[in-house]
Amino acid sequence: MDRTRWLAERRAAVEREYTAEGPTYDAYDPATPVHRRFVSRLIGSVAAGGSVLDAACGTAPYAGMVIEAGLGYVGADQSVGMLDVARAKWPDARFEHLNLQDLAFESSFDGVMCTDAMENVPPEEWPVVVSAFARALRPSGHLYLTMEEIDRAQIEEAFATLKAAGSPTVYGEVIEGETAGYHFYPDRERADLWLAAAGFRPIEHADEWLDGYGYRHLLLQRGG
């Protein structure tokens, strides 16, 4: 199997998994205190009357924070199941059925957030997605992004297993365990280069380690 086909199958597997999990997903609260602190920082960077794009919004756990702040809110997700739940919770909010790779907003938002989703993006599409975030933002707008991280030994084991099975994988990809069918874990230097190439500069960061995995939280600003 060539890599393009393999990645298409992995993306379809992720979409199926999240659609199936949609009705019960809120039983698991993905929002840690650090997540909420960074969402608050993003909201605080947006002037009155501004708007926020929640890219890969899932069931929209942060929509209430944005709406209660008096800001416009748009959620986008590839999973119909997740969007059904989000729309039921926030019937007056705008939601779009879009994956990250197909975002096509142009200077439409003052803030963008993408939490707990970039791990589903393969390396070929990371530059595409972060460039789409930059285009969606107005000049000097802010992006809140999380990167999931796991122990390097797990990444190395997954790479060896996939290569042995003949998969067209690259280092950093994991498809077993709690991945919904596909995760990619770039090293920090590589991710930072992609973000810088898209025109972002770092404002604040925090590292958070949980039970067997962690998050790198990044608040970034698009160039003016």
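The values are calculated or read from the model by the stated rules, or taken from the named source; none is laboratory data. Values in this document were obtained by computation on a predicted structure and should not be read as measured data. Glycine gets a Cβ as well: all are built from the backbone with ideal geometry, and neighbour counts include every protein chain shown. Note: accessible area is taken over every heavy atom of the protein model, side chains too, but ligands, DNA and RNA are not part of it. Shrake-Rupley method; radii C 1.70, N 1.55, O 1.52, S 1.80 Å.
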**OP:** Please identify the pairs in which a residue from the stretch 188-213 that is surrounded by fewer than 15 Cβ atoms within 10 Å (Cβ to Cβ) has its Cβ atom under 9 Å from the Cβ atom of a residue that is at pLDDT below 95 and of a type in the set (V, I, T), counting only partners at least 6 apart or on another chain.
**Re:** L210/T32
**OP:** Output the number of residues of the stretch 76-115 satisfying the condition of being at pLDDT below 95 and of a type in the set (V, I, T).
**Re:** 1
Original post:
Restricting the search to the stretch 158-187, which residues are among the hydrophobic types (A, V, I, L, M, F, W, C) and either open to solvent by 80 Å² or more (accessible area, probe 1.4 Å) or in a loop (DSSP other than H, G, I, E, B) (or both)?
Top reply: A164, A165, V170, I175, A180
Original post:
Which of the residues belonging to the stretch 121-157 are outside any helix (DSSP H, G or I) and among the aliphatic types (A, V, I, L, M)?
Top reply: V121, L137, L143, L145, M147, I150
**OP:** Report, by residue number, each residue of the stretch 93-115 that is open to solvent by less than 30 Å² (accessible area, probe 1.4 Å) and under 15 Å from the mean Cα position of the chain (by Cα).
**Re:** N99, L100, L103, G111, V112, M113, C114, T115
**OP:** Residues being of a type in the set (F, W, Y) and touching a Phe, Trp or Tyr at 6+ places or on another chain (Cβ under 8 Å): count how many of those fall in the stretch 149-183.
**Re:** 2
Original post:
Given the stretch 1-86, what helices (runs of 4 or more DSSP H) lie entirely inside it while holding 3 or more residues that are among the hydrophobic types (A, V, I, L, M, F, W, C), buried (at least 21 other Cβ atoms within 10 Å of the Cβ) and touching a residue at least 60 places away in the same chain (Cβ under 8 Å)?
Top reply: 33-44
Subject >> Long-range neighbours under 6 Å by Cβ, at least six apart or interchain, first residue aromatic (F, W, Y) within the stretch 106-130, second outside any strand (DSSP E or B) >> reply: F109/A136; W126/W194
